[in-house]
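Taking it in order: structure first as structure tokens, then the write-up.
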Amino acid sequence: MMDRLWVKLTGAFALVILVGVAVTVVLARQGAATQFSHFMVGNQMLRPEGLQEVLADYYRQAGGWQEADAHLDQLLLAASSGGMMGGMMGDMMGIYQSRIRVVDRQGVVVADTKGPPGESLLPLLVERGWPIVVDGEQVGALIIDGVMMQMDNGQAQSLLAGVTRAVLIAGLIAGLVALILAGLLIRQITRPLTALSQASRRIAQGDLSARVPVHSRDELGQVASIFNQMAGALQSQESLRRQLVADVAHELRTPLSGIQGTVEALQDGIFPLTPENLTPIHQQVTMLNRLVEDLRTLAQAESGQLTLEQEPLSLEELAGAQVAAHLPKAQQEGVALRLHVADRLPRVWGDGQRLAQVLGNLLANGLRHTPRGGQVLVRLRPLGRGVELAVLDTGEGISPQDLPHIFDRFYRGDRSRSRATGGSGLGLAIARQLVEAHGGRIWAESPPPGQDRGSGFYVWLPSIQEQSPSSDGQIFRNGSQEEGNQEGSSQEGRPGR
């Protein structure tokens, strides 16, 4: 129980409140006692008893009250408690300025701090003053305005006890109210922490759907929001992991089933063991090897372990070679394949083999989805601080709901497609990783600007002035590349991915 945060906070608040009440009672009692026993005149804090003794000594030495009014300031100074410092303490404690009058046996004022002597006071007022006694005989009285008249010790102690009791009760009530308010405040602090602890326990047990309600914008609310973001990211990653496992299993099952069926047919004698009947097995094995290689490349790129052999590269030469390589297939499919290169095209730092893989994948997709009589255009032009490579086709296009997901792993817009018509679903995911590894961006639009159908794939790469090769040939990214990417993609307002 003592390990709970609300118990510790409540105990701390209670201790602070008790100390505050105790200090308040002590100071209030001390202040009340000082008010009863001291008074202020000018800049002096005095006690009536001390002034009584000083006035008695003056009467004894002077033989009477003659010239008492002229010597009153000196007598007050002699009876003061601490001089200037005492006056400052008196002001701080709220002791008000008092009027001092000294009367003789007949009640006639012989000294006055605020007026001339000679006034006669009422006997009742004189009787309630502080008597001045010399050799056992009362020779006068001390009258102090603004201070309670003389009381015996029992009355003073009773009054101080009453004041202390009142201050103590008031302090306890105030402390109780403060403790209740502190409890409400502690509840506001510990409730989100309790919810955070319970949600963390659920996530540790495997429930990644656990979330924490956010009720404020303070530090606790920010912690809850960040926790929810973290839980959402974990849930998303777990979903992606499961989807990846399912997709890989699905992609491997079909070729393995084909190999198994062919082998069993050969074993049962349904198919004779001829080179023609072994060809499907070879094709399926080749497909498996390609799928495994694609998965390996994608995993390396996503983990930042893909090696890039970068050098100054002409995208014009690379695009020309890829267009020439795909031209026979384009002619076979009845699709016009063209290349357009702008003047003064800057060079880029890049891995020619990896960028050729990206362009080859985009060209293969464009030819696959463009019907006979259509065309595929490869366009190169300067854009911002880099070069834009675009592959534009006049094919069937990409539906709006599929467009945001085409670069995801194993994604096919039409799930009924086979590998012959839809590929493995890894090509565009690999292309995105390879382009980003070069500090570039890749995105798609359907239809492209200026066309009423088809799709366009765009790759932006920073030029050689904006990008430098990494020293160890690994994937690299730096601030200048990011800046170039943003500027390059914003020139025509195209969304980057």
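Summary table below
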read-out	value
Rounded to the nearest 20 debye, dipole of the range 219-303 from Cβ charges on Lys, Arg, Asp, Glu	80 debye
Taking Glu445, Glu264, Glu396 and counting other C-beta atoms within 10 Å, the order from fewest to most	Glu264, Glu396, Glu445
Sorted by Cβ neighbour density within 10 Å, fewest at the top, the residues Met230, Met287	Met230, Met287
Amide proton proximity set for Ile132, modelled H, under 5 Å, gap of 5+	Val139, Gly140, Ala141, Leu142
Amide H within-cut-off set for Gly454, under 5 Å, with H built and near neighbours excluded	Gly395, Gly397
Residue exposure sequence - Lys329, Lys114 - by fewest surrounding Cβ within 10 Å	Lys114, Lys329
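Quick note: the coordinates plus some simple rules give every number you see, no bench work behind them. Source: prediction; values computed, not measured. Cβ atoms come from the backbone with ideal geometry, glycine included; neighbour counts cover every protein chain shown.
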